[in-house]
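S.K.: My questions all concern the structure below.
What follows draws every value from the coordinates through simple rules; no lab data is involved. Note that the coordinates shown come from a computational prediction; the quantities given were computed from them, not determined experimentally. Here the Cβ is made from the backbone with ideal geometry for all residues, glycine too, and neighbour counts use every protein chain on show.
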Amino acid sequence: MKLLVSDFDGTFYTGENPIKKNVETIHRWRSQNNLFMLSSGRSFESLMDKVEKYQIPIDFLATEDGSHLFDKTSTLLHETNMSLDIYSALTPLFHMDHYEEIQFGTTREYENAFPNNQPISSINFVLKDQNITPEFLAEWKRIKAIHPTYSFLVYGYGDTVFFCIKPQNVTKSTPIQFLESYIPNLSKEEIYTIGDGDNDKFMIEEYNGYQIGINPRLRKCSLKTYKNVRQLIHDIETQKVKKREF
């Protein structure tokens, strides 16, 4: 049994025609008793919209960069939430007004206001490049220095930058680690990951990981660069894929 974990935007989805071919390939992959998981920074609701729109056959969904894991019936299997002790420390950042939005990650959706009755998995400050001020960066670094039990991550998508705060060590690798013990007979040697963004780095370097595109920060940790997901699956099926030694 093998598990393939793919990022969605820029990896599994690169256009309307390519995704149709990817879906066909995943049907073949799963017919061989293999498993497929989409892993995204999107919320559950946002990612499920895409799964339903393109009729993507999935076994698992990992959302909000590893904070939540769902099975194919949309049952929550695992999640990691934040303690609210950091919320008051972020007050200076909340009072700045140059954001595109502030996102509060909950189990199924990002909220744009603090959700009083739900646990929070992450807080994202979303800015355009030109709106990142020295004052914001200084405050971000100050808060980061005094809260070592949280991860302060920065991801770029085009001219938009996400400054993300979440519990320490929660990455796209987190739900995969859970599945290693959850799924009988799944070995680390047979887990394959592929992505194109900075938030894919952790799962790419921890497992048999591969890159789509030309992100220079992924080049050092990727075993190979592929043009699409289909090429990776072909190499796995024909035993031509480059693998790590664990």
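S.K.: Label Lys72 and Arg28 with points 7 Å out from Cα along Cα→Cβ: what is the distance between them in nm?
M.R.: 1.9
S.K.: Compare the peptides 28-37, 174-183 by average per-residue count of other Cβ atoms within 10 angstrom and give them in order, highest first.
M.R.: Ranked by mean Cβ neighbours within 10 Å, highest first: 174-183, 28-37.
S.K.: Using the 10 angstrom Cβ neighbour count as an exposure proxy, how do His27, His147, His68 rank, fewest first?
M.R.: Listed from fewest to most nearby Cβ atoms, that is His27, His147, His68.
S.K.: Give me a comma-separated list of calculated 3J(HN,Hα) values for segment 41-57, in order, Karplus coefficients 6.51, -1.76, 1.60 applied at θ = phi - 60°, integers in Hz, x for any Gly or Pro.
M.R.: Rounded to whole hertz, the list is x, 5, 6, 4, 4, 5, 5, 5, 4, 6, 4, 6, 4, 9, 6, 7, x.
S.K.: How high is the FRET efficiency from Val154 to Asp9, r the C-beta distance, R0 22 Å, rounded to 0.05?
M.R.: With a Förster radius of 22 Å, E is 0.80.
S.K.: Ordered by packing density, taken as the mean number of other Cβ atoms within 10 Å over each peptide's residues, highest first, how do 129-141, 154-166 rank?
M.R.: Put in order of decreasing packing, that is 154-166, 129-141.
S.K.: Cα-Cα over 25 Å: which of Lys72/Lys128; Lys141/Lys224; Lys72/Lys172; Lys50/Lys201; Lys166/Lys242?
M.R.: The answer is Lys72/Lys128; Lys141/Lys224; Lys166/Lys242.
S.K.: Dividing the alpha-carbon radius of gyration of segment 84-167 by 2.2 N^0.38 Å (N being the number of residues), what value is obtained?
M.R.: Compared with the compact-globule rule of thumb, segment 84-167 sits at 1.04.
S.K.: Can I ask one more? Full-extension gain between Glu180 and Lys128, please, as 0.36 nm times their residue separation minus the C-alpha to C-alpha distance.
M.R.: Result: 15.0 nm gained on full extension.
S.K.: Provide the descending list of Cα extents for segment 117-246 along its principal axes, expressed in whole angstroms.
M.R.: Projected onto the principal axes, the Cα atoms of segment 117-246 cover 53, 32, 28 Å.
S.K.: Could I ask something else about it? To the nearest 20 Debye, how big is the dipole of the chain about its Cα centre, given +1 on the beta carbon of each Lys and Arg and -1 on that of each Asp and Glu?
M.R.: 1000
S.K.: Then there's this: Modelled label-to-label distance, Leu137 and Tyr54, 7 Å Cα→beta-carbon offset: nm?
M.R.: 3.5
S.K.: Moving on to the next point. Could you give each residue of segment 215-222 its phi-based ³J(HN,Hα) in whole Hz, using Karplus coefficients 6.51, -1.76, 1.60 with θ = phi - 60°, and x for Gly or Pro?
M.R.: 3J(HN,Hα) across segment 215-222, in whole Hz: 5, x, 6, 9, 4, 6, 9, 7.
S.K.: Would you grab the residues whose amide H sits under 5 Å from the one on Glu100? Only those 5+ places off in sequence or on another chain, please, with H modelled 1.01 Å from N.
M.R.: For Glu100, the qualifying residues are Val126, Leu127, Lys128.
S.K.: Here is a follow-up. What's the extension gain from Ile146 to Glu100 if we count 0.36 nm per residue and subtract their Cα-Cα distance?
M.R.: 14.0 nm
S.K.: Quick one: Karplus J couplings for segment 78-83, per residue in order, coefficients 6.51, -1.76, 1.60, θ = phi - 60°, nearest Hz, x for Gly and Pro?
M.R.: So the Karplus estimates, Gly and Pro as x, are 7, 8, 10, 10, 8, 7 Hz.
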